[in-house]
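Peer 1: Okay, handing you the structure first.
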2 protein chains.
Amino acid sequence: MDPIDKFREYIKEKGLRNTPERETIIEEIFCTHDHFDADELFLRLRNKRRRISKASLYRTIPLLIESGLIKEVYFENGHRHYEQIYGYKHHCHLRCANCGKIIEFADDEVVKIQERIGKKYGFVITSHRFELVGYCPQCAKRGVGRKRRQLFTKERGKEAR
Amino acid sequence: MDPIDKFREYIKEKGLRNTPERETIIEEIFCTHDHFDADELFLRLRNKRRRISKASLYRTIPLLIESGLIKEVYFENGHRHYEQIYGYKHHCHLRCANCGKIIEFADDEVVKIQERIGKKYGFVITSHRFELVGYCPQCAKRGVGRKRRQLFTKERGKEAR
DNA sequence: ATTATTATTGAGATTCATTAGCAATAATAG
DNA sequence: CTATTATTGCTAATGAATCTCAATAATAAT
């Protein structure tokens with residue numbers, strides 16, 4: 001099923017109303033598999049002359065999460081980052097602490113741990129977040145991270161663009 | 001070694017200066033094993049008549065992270081949450097999406113996955129974050145989460161206090 | 001299709017966590 | 001003890017995310 005249809009289903013079930021703005025947002029998110037944040041998404045839309053207000057964008061995000069189209073993947077540089085999950089098999093992230101490169105991986109053991117721990121503590125587990133952080137082959141080779149890494153330093157103004 | 005001594009070591013190594021404010025902050029953090037956020041910590045200090053400015057507190061947090069005393073555990077309700085890691089064995093978190101209860105658990109498989117994935121992609125892995133989210137026995141029994149869960153709704157004003 | 005109801009939009013104001021600027025203070029080296 | 005300069009505390013600034021409110025538009029009912 002199309003993400004937009006999936007969303008329509010959710011909207012109907014909840015007694016909400018669908019709008020072109022919301023569908024435009026979904027289209028934009030699903031035209032690539034990249035991770036995104038609110039501001040990036042806003043700019044992507046604006047570059048395509050689709051003027052959606054930031055308020056609407058922020059208001060739509062929780063709906064997309066609840067309908068199972070996207071999820072929040074991590075919080076970094078002072079804001080939330082999301083990725084689509086609808087239509088993609090579940091995966092975890094491996095991230096380079098130096099260059100920011102992200103690799104998606106899947107490992108069957110993760111689910112087994114989840115089941116084991118859930119049973120042990122009597123929890124009904126609905127989701128997990130597993131992120132590995134380290135240095136990618138290139139950055140590790142250059143010896144980055146041995147000396148000084150930048151923690152907590154909010155980079156200003158999206159240099160790489 | 002005492003957390004404060006550990007911090008002094010770090011300060012010396014970095015050529016920084018130690019201050020009573022910083023030691024007061026460390027003392028307060030390590031007098032209990034509770035998770036905390038910046039504002040909670042500020043209030044705990046104020047209740048004990050230790051007046052540290054918020055600016056200093058925020059400036060100290062990255063130092064505590066870099067020196068290995070604490071780490072950021074999750075981002076929720078619009079702000080960061082931390083926990084001490086120095087002197088405690090590594091663990092992961094199991095969190096109830098309804099009541100917020102947090103259980104710390106350890107599972108040997110987590111490290112094995114980390115090693116396996118690191119080797120597979122040539123990464124030097126330095127840390128991981130593994131969080132399971134679901135419903136605790138009590139909340140699951142009451143059927144919470146089947147109907148409507150509150151996502152993204154920032155609760156105002158720390159009700160439970 | 002027309003109308004009534006009310007969810008949604010957009011623009012701007014607001015909130016709140018976090019950071020930055022600056023003058024005064026105090027930690028360290030010499 | 002003095003000089004250097006990191007650190008503090010205050011306040012202002014920033015920026016993500018939320019809220020307000022009047023105007024608009026999606027749906028249901030006619």
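Every number here is computed from the coordinates shown, using simple stated rules; none is lab data. Bear in mind the structure is a predicted one, so any value in this text is a computation, not a measurement. Neighbour counts run over all protein chains shown; Cβ positions are idealised from the backbone, glycine included.
Peer 1: Can you run phi through the Karplus equation (6.51, -1.76, 1.60; θ = phi - 60°) for region A:33-44 and list ³J(HN,Hα) in whole Hz, with x for Gly and Pro?
Peer 2: For region A:33-44, the Karplus-derived couplings read 9, 5, 5, 7, 10, 4, 5, 4, 4, 4, 5, 4 Hz, x marking Gly and Pro.
Peer 1: Only Lys, Arg, Asp and Glu count, each charged at its Cβ (+1, +1, -1, -1), so figure out the dipole size of region B:1-151 about its Cα centre, rounded to 20 debye.
Peer 2: Charge dipole, region B:1-151, about its Cα centre: 680 debye, nearest 20.
Peer 1: Please go through the residue pairs A:Lys89/B:Lys119; B:Lys48/B:Lys89; A:Lys119/B:Lys54; B:Lys12/B:Lys54 and name each one whose alpha carbons sit more than 31 Å apart in this structure.
Peer 2: Long pairs (Cα-Cα over 31 Å): A:Lys119/B:Lys54.
Peer 1: At a 10 Å Cβ-Cβ cut-off, how would you order B:Glu13, A:Glu72, fewest neighbours first?
Peer 2: B:Glu13, A:Glu72
Peer 1: Sorted by packing (mean other beta-carbon atoms within 10 Å per residue), highest first, where do B:127-140, A:103-116 land?
Peer 2: B:127-140, A:103-116
Peer 1: Just checking the output field for B:67-75: average partner chain Cβ neighbours within 10 Å of each residue's Cβ?
Peer 2: Numbers: counts 0, 0, 0, 0, 0, 3, 0, 2, 7.
Mean partner shielding for this stretch: 1.
Peer 1: Separation between the B:Asp2 and A:Ala55 pseudo-spin-labels, each 7 Å from Cα along Cα→Cβ, expressed in nm?
Peer 2: So the two model labels end up 5.5 nm from each other.
Peer 1: With both bridge residues required to lie in chain A, what share of the DSSP beta bridges run antiparallel, to the nearest 5%?
Peer 2: Just about 75 percent of them are antiparallel.
Peer 1: Averaged across A:131-141, how many Cβ atoms of other chains sit within 10 Å of each residue's Cβ atom?
Peer 2: Average per residue, whole number: 5.
Peer 1: Something else: Can you give me the distance in nm between label points at A:Ile65 and B:Lys89, each placed 7 Å from the Cα along the Cα-to-Cβ direction?
Peer 2: 3.4
Peer 1: Here's something else I'd like to know. Charges only on Cβ, +1 for Lys and Arg, -1 for Asp and Glu: so what's the dipole of the protein assembly as shown about the Cα centre, in debye to the nearest 20?
Peer 2: For the protein assembly as shown, the charge dipole is close to 800 debye.
Peer 1: Taking the Cα centroid of region A:71-87 and of region B:89-143, what is the distance between the two, rounded to the nearest whole Å?
Peer 2: Computed from Cα coordinates, the inter-centre distance equals 18 Å.
Peer 1: What is the local net charge at A:Ala55, summed over the other residues whose Cβ is closer than 14 Å to its Cβ (Lys, Arg +1; Asp, Glu -1)?
Peer 2: Result for the local shell: +2.
Peer 1: Say a label goes 7 Å from Cα toward Cβ at A:Arg80 in every copy; what distances in nm does this one have to the rest, shortest first?
Peer 2: Going from nearest to farthest copy, the values are 1.9 nm.
Peer 1: Cross-link candidates for B:Lys6: which aspartates and glutamates have Cα within less than 17 Å, leaving aside residues fewer than 8 places away along the same chain?
Peer 2: Hits, sequence-local ones excluded: B:Glu21, B:Glu23, B:Glu27, B:Glu28, B:Glu66, B:Glu83.
Peer 1: Let me know the mean shielding of A:101-111 by other chains, meaning the per-residue number of their Cβ atoms within 10 Å of its Cβ.
Peer 2: Mean partner shielding for this stretch: 3.
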